[in-house]
Amino acid sequence: MDRRMSRGYQQTEDLSGAEYLASIYGTEKDKVNCSFYFKIGACRHGDKCSRTHHRPTFSPTILLQNFYHNPVVDVRQADAFDKVGKKDPEEQKYFDEFYEEVFTELERKYGEIDEMNVCENIGEHMIGNVYVKFVREEDAEKAVKDLSNRWFNGQPIYAELSPVTDFREARCRQHEVTTCSKGGFCNFMHLKAISPELGDRLYGRRYVSF
């Protein structure tokens, strides 16, 4: 094999290797990058994770960390695990009011929202997390810069761009179909549903209740 053919063969090998790495990026087969951070935008190991958390420099989605405070579930209490996810009319009313206030304020100030999701997980890295996916990436960038200097309900807002753009991959399927065996401590998103009436009002025909 002459030198030119050898170089061409090596380039082909390198390309196939790069394609393989790209195909497993963010999956459980990826031993370098954290699959949970890639799919969920949060990892229970935080900065101590042995795998890399690639924080996006641009994304249509922002994460507001620990932003929603459930008035019924107190994680410091022993019954928090049993209470999370249970139907409570008063808490639902409180949540709908919170959701509508945040959604309308963000959309009015920064731009059109594609979807907004709130976690009802009670793990430290996911509790109260609010994910807002804007239609335009530039609106998400503008929101992060501004919100990081603001407070809400007496608490500072911690906003960052999130790698999550497809929430179908982030949601816990077991939780949606039956009951998740891990409960509120599951590492996949247990999304809190808004009332159908509020969904229709905010999203119109786009709204689908899960």
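Quick grid of which residues meet (1) assigned by TED's automatic domain parsing to the domain that holds I194; (2) within 14 Å of Y68 (Cβ to Cβ); (3) modelled with pLDDT of 95 or more:
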{"site": "R108", "(1), (2), (3)": "yes, no, yes"}
{"site": "I127", "(1), (2), (3)": "yes, yes, no"}
{"site": "D146", "(1), (2), (3)": "yes, no, yes"}
{"site": "N149", "(1), (2), (3)": "yes, no, no"}
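Could you tell me whether V75 is at pLDDT 55 or above and of a type in the set (A, V, I, L, M, F, W, C)? Answer is no for this residue. Within region 39-53, the residues that satisfy the criterion of being touching a residue at least 12 places away in the same chain (Cβ under 8 Å) and loosely packed, with under 13 Cβ neighbours inside 10 Å are G46, T52. If only residues of region 150-177 that are outside any loop (DSSP other than H, G, I, E, B) and charged (D, E, K, R) are counted, the one that is surrounded by the fewest Cβ atoms within 10 Å (Cβ to Cβ) is R168.
The values are calculated or read from the model by the stated rules, or taken from the named source; none is laboratory data. As the structure is a computational prediction, the values presented were derived from the model and not from experiment. Because the Cβ atoms are built from the backbone with ideal geometry, glycine has one as well, and the counts that use them run over all protein chains shown.
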